[in-house]
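Colleague: My structure is below; once you've seen it, I'll send some questions.
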Amino acid sequence: MTFSIHGLAVSRGIAIGRAVLVASSRADVAHYFIEPNKTSAEVQRVRAARDAVVEEITRVQRDLPKDAPPELAALLDVHLMLLQDEQLSSGVKHWIQDRHYNAEWAVTTQYEAFARQFDEMEDPYLRERKADLEQVTERLLRYLKGAGSPVQPPAPARREQQDLLLGDTLDVPLVLIAHDMAPADMMQFKQSLFAGFATDVGGRTSHTAIVARSMDIPAVVGARSASQLIKQDDWVIIDGEAGVLIVDPSPIILAEYGFKQRQGELERERLNRLRHTPALTLDGQKVELLANIELPEDTKGAVVAGAVGVGLFRSEFLFMNRGGALPDEEEQYGAYVRAVEGMQGLPVTIRTVDIGSDKPLDRHARQETHLNPALGLRAIRWSLADPPMFLTQLRAILRAAAHGQVNLLVPMLGHVREIRQTLSLIDHARAQLDNRGAVYGAVKLGAMIEVPAAALMLKVFLKYFDFLSLGTNDLIQYTLAIDRADEAVAHLYDPCHPAVLKLVADTIAECHSQGKGVSVCGEMAGDVAMTRLLLGLGLRSFSMHPTQILAVKQQILRADATKLQPWAQQVIDSEDPAQLLYKP
Ligand code: PEP
Ligand code: MG
């Protein structure tokens, strides 16, 4: 039966495919297809892992001390039973043989299916056995990892490459459905085989949504109970434009969305023609279109999209999910140099690490967050709390600046004391490099304006910095007191709120009056509905996901910046700017 689930539109486009349910805790499991002639070897791999776990548990059981509680032996029995369960093993075999999933993916998929059955059991004792299933799965995965695979995972491949690899056998797109997904886990799915994704939780500018947008696949977040209502293998349409999921669509709905999908593809082809067109308004004003990136490898997409530099390199993605071990100076230096070289002489703005809130260092830390993580030890506060860590990053960035034009951007400053501390640490990092005789380059220094306090003391900021970059995602969150990652208050997260627009307008105007550079690097910069307003407010530098650049360029080519100026003033003076903004 067809039904729809409403959430928040995150990333444009339509995806139609079969659902793959992925538990957040299992997102780090590799997902790839194996070649059809290797399925037997993969099944054998699972068998070997299962045998090893059975042997391990049997040994533990045999060596149990005499005074061990009898429940322990009984529990181990349950684990053995689960491991030898026919349904579980034939299920895993099915995913490998019929769907060509790799072993780890097959094990976790079957685990998910089983776990749901346990959830639905009425008997509390049986329901609690889900924890045993979890432990058994965990052990299996550990063995699979340790044993290594005779079938090497292919290099991350895009869907078309997967199709080439597997021929027609698996010509069914897959869409990922999860309760939640940490931003670092989303990174695992970059360049992956999924055609779209949806999560139960999250806001439009949560970092998970931001990474999804950078992958340019249709996505919906905040779809509440999607991961409960959708079953493995259900056909799902993800309408990333309207923020809707349609489950088990009828043929007529499928045909309509198939048509929309093709329209979208045509539109993309049309936009592609703008790749080499300079970003100039009708009245001849030059606009700088920069890219936001998460990893050095993203520079490829930035160059292809015609970005004239990187306006925001979110360096924190180099720090995530490493089990607490932070990247050392050499590793960071290597990554920054790769980004600089990737941009082929164009400037790269590297933001110092912005860990915390919805971007935890480790996915497991997500559970143990503080009461108000967005107001806690995040971004520059985290860096200033650990000077040796911060100095390591600063040295790496300064050294990378010897290879090209690098700008150093500092997130979430709100206090002049923080500014002074940061600048003194930058001086200290330079002194350390001098002492070492290391080569480093000059950098322009910029501050993010993403806390209202910063937007209200622009003169002070401009005394210390060469340029400012508006982080509208956080500026909206902190101005309106709305958690950007909480779907329950997403309707109040309003980029057009007069208070937000006033802070944005003031920042642009103050930078202009002092002859300093200013850009917007929050999601507002890539939102085509905001392009005309930002142009009218005088903004000439926009930084966004490479995938948004051409659509924004199209708006710029159609705009007359001089004529937009009085209209923009009217919009920000209005009680209800959205009314004017969305008027045709
Ligand atoms: C912002 O807050 O607008 C921004 C660009 O930073 P991030 O989204 O990484 O917090
Ligand atoms: Mg921010």
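Bear in mind that the values in this text are calculations on the coordinates, not laboratory data. Treat the numbers as computed from the prediction; the structure is a model and nothing was measured. When we count neighbours, we look across all protein chains shown, and the Cβ atoms used for this are built from the backbone with ideal geometry, even at glycine.
Colleague: Can you tell me the relative contact order of the chain? Whole percent, Cα pairs under 8 Å, sequence separation 6 or more.
Modeller: Relative CO of the chain lands at 15 percent.
Colleague: Moving to a separate point now. Do you know the relative contact order of the range 390-534, to the nearest whole percent, from alpha carbon pairs under 8 angstrom that are 6+ apart?
Modeller: 22 percent
Colleague: Which distance in Å, rounded to a whole number, links the C-alpha centroids of the range 397-415 and the range 200-256?
Modeller: Here the two parts' Cα centres lie 36 Å apart.
Colleague: Next question, about the same structure. Based on the mean of other Cβ atoms within 10 Å per residue, sort peptides 38-46, 4-12 so the most packed one is first.
Modeller: 4-12, 38-46
Colleague: Throw me the Rg/Rh for the range 36-144, computed over C-alpha atoms with Kirkwood Rh, two decimals.
Modeller: In the range 36-144, Rg relative to Rh is 1.01.
Colleague: Which peptide among 291-303, 550-562 comes first, and what is the full order, when sorted by highest mean count of other Cβ atoms within 10 Å?
Modeller: Per-residue Cβ counts within 10 Å, averaged per peptide and sorted highest first, yield 291-303, 550-562.
Colleague: Note the per residue figure in Å³ for the convex hull of the C-alpha positions in the chain.
Modeller: So the per-residue Cα hull volume is 181 Å³.
Colleague: Tell me, what is the percent relative contact order of the range 274-581, built from C-alpha pairs under 8 Å that lie six or more residues apart?
Modeller: Computed over the range 274-581, the figure is 20 percent.
Colleague: Need one number for the range 274-581: average projected area of the convex hull over its C-alpha atoms, nm².
Modeller: For the range 274-581, the mean projected area of the Cα convex hull comes to 15.4 nm².
Colleague: Rounded, prolate or oblate: which fits the range 218-370, taking a ≥ b ≥ c as square roots of the Cα gyration tensor eigenvalues, rounded meaning a/c under 1.5, else prolate when a/b beats b/c?
Modeller: Here the range 218-370 falls in the oblate category.
Colleague: Based on the mean of other beta carbon atoms within 10 Å per residue, what is the order of 460-467, 58-65, 371-378, 312-319, most packed first?
Modeller: So the order, starting with the most tightly packed, is 312-319, 460-467, 371-378, 58-65.
Colleague: How much mean residue ellipticity at 222 nm does the chain get from its helices, if each DSSP H run of length 4 or more adds -39500 (n - 2.57) and you divide by all residues, to the nearest 500 deg cm²/dmol?
Modeller: -14500 deg cm²/dmol
Colleague: Classify the range 205-280: rounded, prolate or oblate, from the alpha-carbon gyration tensor (a ≥ b ≥ c, eigenvalue square roots; a/c under 1.5 rounded; otherwise prolate if a/b is larger than b/c)?
Modeller: Judged from the Cα gyration tensor, the range 205-280 comes out oblate (a/c at least 1.5, b/c at or above a/b).
Colleague: Return the percentage of antiparallel bridges among DSSP beta bridges fully within the chain, rounded to the nearest 5 %.
Modeller: Close to 35 percent.
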